[in-house]
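Trainee: Got a structure for you, questions after.
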C-alpha cells in the first residue's frame, strides 16, 4: 500500500483533531468553571483570547492556552491540506465549520487585540449558554471527524479501490 | 447577641464585644437599669422589669465613672476583635475558647451587666455595680461611629436637618420631665443633628421627635417644614397618650406589673442600641439618647394593655424605625409568629384608629419608603393609605390567628390569601380596560408600586419598593407560564439609596445559611428555637447562641425578634472576614481637562469654587486623601506635600509611556495639606487661562490616574471637554451630522476602541471607580468614553453645549450636580451579590459595574444615585414553595473605613395562574426593564430592532392576555387594568432621545440618554420617560396634605397631550431633574401676579428659573407643592418657567408624548397600530 499525500493529510488531521478535541474539552470546562463561579471573567477571557501583552498575574496564560485562535488556525490548516489533496468530500464536510469560524471572528466585539471574548459581556446568560453550547457542538463534531479521519486514513491501506491510489501502489509494486 | 446570663462562659466573651456597642449606645438607660438594679434590689434581680425602673436615678453615677475606665475597655475591645475572628471561624465550637472566669475582666463585665434583666440570670455574682462602668466606657472608645456618611447624604434631605435642631430641645425637656436626677447630657445638642440618620441609637432621638411632634410642635417644631410623613403621622394617634403618659411611665413602674417576659422586653429595649448602633458620635451623646429611649419605654409601658413595653419601645426608636424594633409588630411580620406575639398583640388596636387622616398624608409620602418597616398599624400608608383603619384590623387579626407557636411556612402561606384582602386588589388589577375607548387612563396620583399579594405581616416586612422592585409582583411558577404571559421577569434595584433610617447591626456572628450563604432575613422560617430554614435554598441551619439573645427585648430565646429578622433592609458591620485587605481610606483624584477648549467653556472656575465650598464635606475620615491631575497635550501633576509653601506642578510630557514623577506626594492627606489644596484650587483657574493648547491626551491622563490610584483604590473624577486627540485612546469623530434625524439605523452606538473598556477593567480590579463629566459642545464620542465609567461602576454626566456664560442653564445644572456629587456618600471596594430562591436564576445585569460571576457584581465605587436592573429566568419549577425571595447584599467600605454589608430582601408570592401573573404586573418596572433590554439590543443589534422589540413586547403581552385570560370577547384593545398604561409608556419610551428616530438627535445625547436609562433609579427614570403633568392654576386645598404647618395641595395628573392644556391655565411638568412651568397666553393675571410676581402675562421675563417667595397664599401653596415634589429625590431639580409664545416652549411640548410629532405617531395611532399587529 502506498503512503499517499491524502493519507498523510488524514493522518495529520487525525492528530490535529485529537488536539482540537482537547481544546474543545478545555473550552467546555472553562465556561463551566465560569458559570459555576470558579473563575473571574477577566482571567477567563485572558486565557481564551490570545493577549498581546503578557498578563503576569495569570499563571495559566503562560501555557499557551489561548485556544480560540490556535483552534481556528489548526482547522483552517487542515482544510487547506484537504483542498490540496483534493479530498472534496472531506473538505465539504469541513466547510461549514470553517465558515462559522470566519463569521464568528468577524462579528467579535470591538477589541484591540485578537480574541473573541469580551469579559464584560461574557457573563450574560445568553452568551454564556451560547458559548457552552458551541463547545459541546464542536466537541461532537471533532469526535465524529476524528473517527472519520481514522477511517479515511486506513481506507487506502485496507482497500485499493481508489484508482489513483491503486495505480500508484501497483506501480510501486512493479518497481 | 447571646444572652449573657444564660449561656456558658464563652458566650460572655463573645458578648463583651457586643456589649461594647451597647454600652455606648444608651449608657444611661440601658446599662443603667440593667446593672444597677441588681445592686439595689438584690432579691428582685431576677425579675427585670420592676427594678429597672428604679434603677434610673442611679444612672448618673454610673455614667461618670465610665470615662475613666475607657482605656481599659478599649483594650478589651480590641482584644475582642480578634477573638471575634476566631469565633467566627470556629462557630461550631463556641465553647472552645471560653475562658472559665471571664466575668471579672473587662470583657466579662458587660455581659454580666446585661443578664440582670433576665430572669434566667445566672451570674448574680458578676452583677456588682463595678461591672457596669466598663460597658459605658467601652462605648466611648469606639471609633466606629460612622453615621457620618449618612449624615452627609442626609444633608440633602431636608427633613433630617430640620428635625435635628429641635431634637435636643425635646430631649432636654423630656429628660427634665422624666428624669429629674438625670444629667441633662449637654453634648446632646451638637450630637443631635447628625443623629436622625439611621441607626438604632439615633433612632430614639428622631423618633421621639416624631412622636412628640404634634404635642410639642408649637413649642419646638416650628422649624420643621417638610416632614417625614409616614412615620410621623402614624404616630400621631398614640401621641396624646405618650405625652401624658411619659412621665408616669417613667417614674412609676407600670412595667413592673407586666409579666416577666415583657418586663424584660421593656427594659431591654434600649438594648437595641447595643447592637445597632455603632454608628454614632461621642459617647456623651449617648446619654441623652439613652434617656430618651428609656422615656419612650416608659411611655409605652403605660398603655393600658401593657404587656407591650417592647412594642412601645419600638415606636420610640423611630419614626421609621418603629417598625424595625417594635418587637410585637415586627414579630407578627416575621413568618414565624409565636406565642409572644399574641401576648403583645393586644395592645395595639387602641392606638391605631386615630391615625386615619395622618396615614392619608403618609401615603402620599409613600416614596419615602420603609412603609414595610412600619409597625403593623402603620401599614396602610404603603400604597393604599386610605384604608388605614382596615389595615390595622388586618394586622390585629393576623396576630390572633397566628398565635400558635411556629407554624410551618407552608401553613402560613396557605393562609395568606384569605388574610390579606388582596383579592379585591387583584380583581381591580384584572379589570379589562378597552384602551381604544378609555381616554383617562392615568391614576389621579402618581402611580405607586403594586402591592404583592402577601399576608399583611409579610407585606409589612417586605423591602421598600423604592429599593427593590420586581416586574411581576406575583412570580410565575414555571418558565412556561412566564413565557405564556409574555412579560419580562426582572428586578429593579437601588441598593445604596439614601435611607432615612436603617438598622445597623453589630454582632459577632452574622447569621447566614451554611450552604447558600444567604443572610438571615424576615422571610426565613424558624422550625423551633434552635433551627431556622433558609428561604432560598431550604437548608435547615442552627441558630447560633448569640442569635438567641434578642437585644430588642433583651430576652433570651426569641431569635425571631432580632432586628435582622424584623427588617428586610439592614446593615451589618462586617468583621475582618469580609476584608481582603484593610479597609481603604477615602481617596479622590480629580483629573481636569485644561486644554484651550476647556478654558473656553470655563468650567474650571466653577469646579474649583464648588470643590472649595465642599472640601470639608467630602465624605471620609482622617485618612481622606486627594490629588489633582490636569492635562492638555501633556500631563501635569501637583505636589501637595505638607510643608511646601505652595503647590508644585510637575509636567510629564512623555505621553506614550506615562510615569508618575513622585509617588508619595501627589496623593496627599486632605487634613494635613488642606491649605495647599485650597491654594491650588484658587490658583488653578488662572493658571491655564492663557492656554493655547488644543490637544487633549485623555488616554494617557487616565493611565496616569490609574497608576496613581492603584495602590489604594478610590474615586477618579474626570472632567473632559472634547474628543481625545493624543496618545493612547485617541478617537476620531464618527458622527455624521446629516444622519442625526435618519429614520434608518443609527451607527456608532458602540465604542470605537476597547482602550477605555480595558482600562476600566484594570481600574475595577484595583478598586478604582472612574466618574466622567463630559462638558463638550462638539461631538466627543461618548459611546467610547463612557466605557471608562460603565465598567468601573462610575457615573456619567453630560452637559451638551456647556458654556459658563452662554449656557447658564447647563452651568446651573453642573453646579448642582457637582455639589451633590461631591457630598453624597460613597462606598468603596464594593461587591454586590444577588441571591434568589432556588429555581430562579439571573440572566443579565444592567447598570454600571463589572460582572464577576453569575450573581456577583464588582463595584469599585458605589454611589447612592445609581440603580441596577436584573433580568431573571426561571430554571426549575417553583412549585414546592409559595414564596420566592430575592436578596441583594452589598458589601462595601464606608468612607469612614468600615466594612459594611447592606442587605435587602424582597419576598413575593409564587402563582400558577396566568391571571394572577397579570394582576401582579408592575407596569413601571416592566417599562424600565424593557428600556434596559432595548438599549442592549440597540447596541448589539440595531436601533430599529430595539424599537420593534419594544412594540412587540406590547403586542405580545396584550394578545397573550386576550387569548388566555380575558373571557370577554369584546372588540377593541383589551388590557388588564394593571397594564393599561403599558402601551402609553412604551410609546413614551420610543419617543425618548435614546430610542427615537426621525427627530434630530445628536449621537452623544442619544448615547448619554442610553446611559441614563441604564443607571437611573426607577422613579427618576419614569419621570424622564413619562413626566407628571399637573394643572397649577386651579389648585385648591381639597384633599391637601397637612405637613407640620404647611399645606401641600394635591393635584390630579393630567395626560401628556396638548389637548389637555388650555391657554388660560398654568401647567407644571415634573420631568425628574427639571420642572417646567408652562404659562398659557390667557393665564389668569391673578395667578401670574400671586405666584410669579409679575403684573401680567406680557410683563413676564422670558427666562424665569425661580418662583419668587411671595406672601400670598397661592404662592405658598405652589411652593409647598414644589418642595413636596422635590422632597424625595437626590438631585435638586431646576425650574423653568416657559411662556406660551417663547421659543423654549418646544422643550415643553416635546414631552407631550401622547401627541403626534413630526416623526412619531400619537398615542391613538399607536394603539391602533398595536391592534392591527394583534389581529394579524
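Trainee: Please order B:828, A:82 by the number of other Cβ within 10 Å, starting at the fewest.
Mentor: A:82, B:828
Trainee: So how much slack lies between residue B:539 and residue B:1123, counting 0.36 nm per residue of separation and subtracting their Cα-Cα distance, in nm?
Mentor: Computed gain between residue B:539 and residue B:1123 is 205.4 nm.
Trainee: For B:1035, A:150, A:144, what ranking results if the residue with the fewest other Cβ atoms within 10 Å of its Cβ goes first?
Mentor: A:144, A:150, B:1035
Trainee: Still on this structure: Taking other Cβ within 10 Å of each residue's Cβ, how do B:1042, B:904 sort, fewest first?
Mentor: In increasing order of surrounding Cβ atoms, one gets B:1042, B:904.
Trainee: Rounded to the nearest 0.05, what FRET efficiency do residue A:110 and residue B:877 give with R0 = 41 Å and r taken as the Cβ-Cβ distance? Could you check?
Mentor: Computed FRET efficiency for residue A:110 and residue B:877: 0.55.
Trainee: With the Cα gyration tensor of the stretch B:652-703 giving a ≥ b ≥ c as the square roots of its eigenvalues, does the rule (a/c under 1.5 for rounded; else a/b larger than b/c for prolate; else oblate) give rounded, prolate or oblate?
Mentor: The shape class here is oblate.
Trainee: Assuming a ≥ b ≥ c are the square roots of the Cα gyration tensor eigenvalues, decide whether the stretch B:507-566 counts as rounded (a/c under 1.5), prolate (otherwise, with a/b larger than b/c) or oblate.
Mentor: prolate
Trainee: Give the calculated FRET efficiency between residue B:1109 and residue A:100 to the nearest 0.05, with a Förster radius of 51 Å applied to their Cβ-Cβ distance.
Mentor: 0.15
Trainee: Averaged over peptide A:120-128, how many Cβ atoms belonging to another chain are found within 10 Å of each residue's Cβ?
Mentor: Mean shielding count: 6.
Trainee: Using just the C-alpha positions of the stretch B:1027-1152 as equal point scatterers, what log10 of I(q)/I(0) does the Debye formula give at each q in 0.21 1/Å?
Mentor: Scattering profile of the stretch B:1027-1152, log10 relative to I(0): -1.36.
Trainee: Once you have the Cα-Cα distance between residue B:616 and residue B:657, take 0.36 nm times their residue separation minus that, and quote the gain in nm to one decimal.
Mentor: Taking residue B:616 through residue B:657 to full extension adds about 11.2 nm, to one decimal.
Trainee: Mind checking B:831-844 for the average number of partner chain beta-carbons within 10 Å of each residue's beta-carbon?
Mentor: 1
Trainee: Rounded, prolate or oblate: which fits the stretch B:981-1065, taking a ≥ b ≥ c as square roots of the Cα gyration tensor eigenvalues, rounded meaning a/c under 1.5, else prolate when a/b beats b/c?
Mentor: Since a/c reaches 1.5 and a/b is larger than b/c, the shape of the stretch B:981-1065 is classed as prolate.
Trainee: Once fully extended, how much extra length lies between residue B:1172 and residue B:747, figured as 0.36 nm per residue of separation less the alpha-carbon to alpha-carbon distance?
Mentor: 150.0 nm
Trainee: Simple spin-label model, 7 Å along Cα-to-Cβ: residue B:725 to residue B:1140 in nm?
Mentor: According to this spin-label approximation, the distance is 4.8 nm.
Trainee: Within 10 Å of each Cβ in peptide B:851-860, how many partner chain Cβ atoms are there on average? Round it to a whole number, please.
Mentor: Average neighbour count from other chains, rounded to a whole number: 4.
Trainee: Roughly what would the spin-label model give for residue B:739 and residue B:671, points 7 Å off Cα along C-beta, in nm?
Mentor: It is 5.5 nm.
Trainee: Can you compute the FRET efficiency between residue A:19 and residue B:945 using 1/(1 + (r/R0)^6), with r the Cβ-Cβ distance and R0 = 41 Å? Round to the nearest 0.05.
Mentor: Plugging the Cβ-Cβ distance into 1/(1 + (r/R0)^6) gives 0.55.
FYI, it's all coordinate maths here, none of it is from the lab. Everything quoted here is computed from the prediction, not taken from an experiment. Using ideal geometry, Cβ is built from the backbone for each residue, glycine included, and neighbour counts are taken over all protein chains shown.
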